[in-house]
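Input: a single structure, listed below in structure tokens.
The values are calculated or read from the model by the stated rules, or taken from the named source; none is laboratory data. Owing to the predicted nature of the structure, the values given are computational and were not obtained by experimental measurement. When we count neighbours, we look across all protein chains shown, and the Cβ atoms used for this are built from the backbone with ideal geometry, even at glycine. Surface accessibility is based on the protein's heavy atoms, side chains included, excluding ligands, DNA and RNA. Shrake-Rupley method; radii C 1.70, N 1.55, O 1.52, S 1.80 Å.
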Amino acid sequence: MIRYRKMTPQDVEAVHAIEVESFPIPWSLDSFHYEMRVNPYAYYIVAEDDAGTIVGYCGMWIVIDSAQITNVAVTEKARGQGIGEGLMREAMRVAKEHNAEMMSLEVRVSNEVAQNLYRKLGFQDGGIRKGYYTDNHEDALVMWVKL
């Protein structure tokens, strides 16, 4: 069974390892430390398995009445088990709890699996950010949902 909880500074190294495994240009360890210790708008959720191992995470910034997903990833071996959906549902719940009225994110235009998940959760297409991703200059699809 997967348990979702708020990320703590002690989780940074495990989350960073998932980040490195998941993205061509991962955030630095220092970036996650900054998110946990300094950024007042940051809220991160981790997914833990029965053994207490972190198998996924989702980060967002909640500013006034809006939540922006910063990153979401699941370990390669735990993918396809609904953990990403669980993380997103928990992020949406927390954002609502913090009085956010809408949530947005960017996703690679080629990432149809993620786009399908976001649409399942009610996200709508909001536009294209040309050349958004620095590794290959791929466009990002902006998606949003009213909470």
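So between LYS77 and GLU101, what do we pick up on full extension, going 0.36 nm a residue minus the alpha carbon distance?
Full extension of this stretch gives 5.3 nm more.
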Taking all protein chains in place and a 1.4 Å probe, what share, in percent, of the accessible surface of region 39-81 do carbon and sulfur account for? 51
Cα-based convex hull volume of region 16-76 per residue, rounded to whole Å³: 87
Using a cut-off of 9 Å between beta-carbons, work out the net charge of the residues near ALA140 (Lys and Arg +1, Asp and Glu -1, ALA140 not included). 0
Residues in region 1-16 that a label on ARG89 would reach, taking backbone N under 15 Å of a point 7 Å out along Cα→Cβ: 1-5
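Classify region 74-147 from the C-alpha gyration tensor, please: rounded if a/c falls under 1.5, else prolate or oblate depending on whether a/b exceeds b/c. Mind showing how you got there, number by number?
Details: a/c = 2.07, a/b = 1.20, b/c = 1.73.
Cα axes put region 74-147 in the oblate bin.
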